[in-house]
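Structure first, commentary second.
The values are calculated or read from the model by the stated rules, or taken from the named source; none is laboratory data. In this text, all values refer to a predicted model and were calculated from it rather than measured experimentally. Neighbour counts run over all protein chains shown; Cβ positions are idealised from the backbone, glycine included. The protein model used for the area step is the full one, side chains on, heavy atoms only, and it has no ligands, DNA or RNA in it. Shrake-Rupley method; radii C 1.70, N 1.55, O 1.52, S 1.80 Å.
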Amino acid sequence: MNNPKVAAPPRSAGVTSLVGSLIGLCIFFFPFPTADGSLKIPLVIIIDYLKSSLGGALEYLTLGLVALLCVTWLLSRLVASSGASSPWRRAVAAYHEKDGTMTGLTFLLAAVFTFMLVFQIGPDWLLHKDVGGLALYLGGSVFLTVAIAGLFVLFLTEFGFLEFVGTLMEPLMRPLYRLPGKSAVDAVASFVAAPAVGIFITNKLYLEGHYTQRESASIATNFSICSLGFFALLASIGGIMAYLPHMIIVSFIINFTLAALMVRIPPLSRKLDVYHQGNTQTAQDLEVSNDGHILARACGAAAERASQTRLDVFYKGFWEAITFAQKIVAYILAIATLALLLATYTPVFDYLGVLVEPLISALQLPDASAIAPTVLVSIAEIALPAIIISGADVDPMAVFFVCTLSSVQIIFFTESANAMLESDIPLTVRDLVVVFLLRTLVAMPMVALATHLLF
């Protein structure tokens, strides 16, 4: 007796998958010429247009988001003490289900900082453009980026593109990175959009049961690469625009080399291979089908996924992106402001630089004493090393090293780290600090080698 065969998806599902995926690819990956002569992907064009259209109103929008977050959190505390009976009470309680007292205090601190920054009330050390001003700008920028990208990324996640890429990349990603093939999409999404976008995708797939705790933590901390636009910003601040292509290529190679090591050592290797729903990953979950040609299997998997997509996924996905972005904004305005104050007005990172200087000297890099304080300061903000070194008389070779190293450290509390902490991915502050230090230690000789080969 023959085994019953699973019904193939209708032919229209293949067309739906192709059209939906092409829209997503176009929005995220295909650059178009702009009025100023540069090339930008449509996602960035849309976000830039919204930023310019909103202008100063973006600051008030940011203030409104943080203030509303404080209100809903306070209501959730009241609901918890009185019992959630009505639908709106249950909704508020669910929204802040994992937000404890410390998180709520972070929201309140963010509201205070945002109010002071928007209305320019407070001491100069807080209102400085490279401290509070930078945090306020980043907060609004990250909200728009994650919210808009969260809507359009549905064309990649809901129409089979992830299944298509995952099937093709599985034979490579599993042995090299101990990760599913579809995780390659998360890395590329960060590279062309923003780290928070990649983390949003990773968190979404983790909640849907595509990744285990270990896999989601490994993807978030290794593949949330800074965007192409940010590479240009770093090179511009450092005054090494001529080396921008070299910096991008070197960073890309080192990031993927580092990932192969980081996923195999603690703390990432100690994360559990358990899905969000609580079930443990089995050998069957890791099996790669050999039924037919790999390209045919990839197309079939994509069509099958597209056949399950309904229109309401866009509403739900957009709402998820907005709520995810709202909490990230609060973390940025609170934690990033404190981190920038620490980095700008205290000698803490200078003291830490003393520990790093002997290693930089051993790597035979010029201006070791000037470079040293920048090595660890990027945990606060990825652009800080370039900003610090831009005003000094430093060899271009040293500037290249500083800018490239900051691009591969991944963890920084003005965006990526806060997005990871806000997500459901099982990562703690301790995990992030340890990963940052390990990545920095391993990356330094690799970046130094590339620097010596180029200069």
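Computed over region 19-86, the P(r) tail beyond 18 angstrom holds 63 percent of alpha carbon pairs. Among the trypsin sites (Lys or Arg not before Pro) within region 87-193, those in coil by DSSP and having at most 16 neighbouring Cβ atoms inside 10 Å are Lys98, Lys129.
On the accessible surface of the chain, probed at 1.4 Å, how many percent belong to carbon and sulfur atoms?
Carbon and sulfur together cover 67 percent of it.
For the chain, the Cα-based Rg and Dmax, in that order, read 22.6, 81 Å. When only the Cβ of Lys, Arg, Asp and Glu is charged (+1, +1, -1, -1), the dipole of the chain relative to its Cα centre reaches about 1020 debye. Total lysine pairs in the chain at Cα distances under 19 Å, for residues eight or more apart or on different chains: 9. Between Val329, Val313, Leu359, the Cα set farthest toward the positive side of the dipole of region 249-405 (charges on each charged residue's Cβ, about the Cα centre) is that of Val313.
Counting only protein heavy atoms and a 1.4 Å probe, region 122-175 has 33 square angstrom of accessible area per residue.
Scanning residues 5 or more positions from Lys40 or on other chains, those with amide H under 5 Å from its amide H are Phe32, Thr34, with H placed 1.01 Å from N in the peptide plane.
Size descriptor for region 25-129, Kirkwood hydrodynamic radius: 16.9 Å (Cα pairs only, one decimal). Per residue, region 281-400 exposes an accessible area of 48 Å² to a 1.4 Å probe, with every protein chain left in place.
May I ask you to order 357-363, 221-227 by the average number of other C-beta atoms within 10 Å around their residues, highest value first? Walk me through the numbers before you get to the answer.
Values: 357-363: 15.4, 221-227: 26.1.
Result, highest mean Cβ count within 10 Å first: 221-227, 357-363.
Solvent-accessible surface (1.4 Å probe) assigned to Ser406 amounts to roughly 10 Å². Normalised by residue count, region 200-293 yields a Cα convex hull volume of 149 Å³ per residue. By the combined test of axial Cα extent (at least 20 Å) and Kyte-Doolittle hydropathy (mean at least 1.6), the qualifying DSSP H helices of the chain come to 101-118, 132-152, 244-262, 429-454.
Mind jotting down the distance between the C-alpha centroids of region 328-371 and region 234-251, whole Å? The two parts, judged by their Cα centres, are 20 Å apart.
Hey, can you rank 308-319, 330-341 by average C-beta count inside 10 Å, highest first?
Listed from highest to lowest mean packing, they are 330-341, 308-319.
Across the chain, the relative contact order, built from alpha-carbon pairs under 8 Å that are at least six residues apart, equals 20 percent. Packing-based ranking of 257-265, 62-70, 200-208, 157-165 yields 157-165, 200-208, 62-70, 257-265, ordered from highest to lowest mean Cβ neighbour count within 10 Å.
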